[in-house]
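Visitor: Here you go, one structure.
Coordinate-derived values only; no laboratory data. What you are looking at is a predicted structure, and each value in this text was computed from that prediction instead of being measured. Here the Cβ is made from the backbone with ideal geometry for all residues, glycine too, and neighbour counts use every protein chain on show.
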Amino acid sequence: MLVCLMALDKPGALQLRKDTRDAHLGYIADTACVHVGGPLKDANGDMCGSMLVLDVADMDAAETWAANDPYAKAGLFESVTLREWMKVLP
């Protein structure tokens, strides 16, 4: 099942994102379920959120993955949305 994770950072949390980024990227490598993803950027080009497509067994697995992400554990996100996603292109 593919699940799109959209997360918006709390205002003023860029340094927290930078401080936690290595742990977040390590988590992605260790769990090996991120199909595609990357940071969202604001009008100044600064990272301000995340968009990931997870390849997981079910929505419970997506919720567990999201809750254990070091970004989430650090309190970076203002909001997180998980939605089933269907790949059409390319």
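Visitor: Just checking: which of the helices (runs of 4 or more DSSP H) contained wholly in region 1-76 hold 3 or more residues that are out of contact with any His (no Cβ under 7 Å at 6 or more places or on another chain) and more than 24 Å from Val88 (Cβ to Cβ)?
Guide: 14-31, 59-68
Visitor: Find all pairs meeting these conditions: Cβ atoms under 6 angstrom apart; at least six residues apart or on different chains; first residue within region 42-64 and within 24 Å of Asp19 (Cα to Cα); second residue acidic (Asp, Glu).
Guide: Cys48/Asp9; Cys48/Asp42; Gly49/Asp9
Visitor: Ok, one more. Do we have Lys41 as farther than 17 Å from Ala72 by Cβ and not hydrophobic (A, V, I, L, M, F, W, C) here?
Guide: yes
Visitor: State all residues of region 22-52 that are closer than 16 Å to Leu2 by Cβ, of a type in the set (A, V, I, L, M, F, W, C) and either more than 12 Å from the chain's Cα centre (by Cα) or surrounded by fewer than 16 Cβ atoms within 10 Å (Cβ to Cβ) (or both); if no residue qualifies, say none.
Guide: Within region 22-52, Ala32, Val36, Met51 meet the criteria.
Visitor: Do you know which residues across region 9-18 are surrounded by fewer than 13 Cβ atoms within 10 Å (Cβ to Cβ) and of a type in the set (Lys, Arg)?
Guide: Answer for region 9-18, where residues must be surrounded by fewer than 13 Cβ atoms within 10 Å (Cβ to Cβ) and of a type in the set (Lys, Arg): just Lys18.
Visitor: Okay, moving on. List the number of the failed condition for Met6; all other conditions in (1) surrounded by 11 or more Cβ atoms within 10 Å (Cβ to Cβ); (2) without any contact (Cβ under 8 Å) to a residue 60 or more places away in the chain hold.
Guide: (2)
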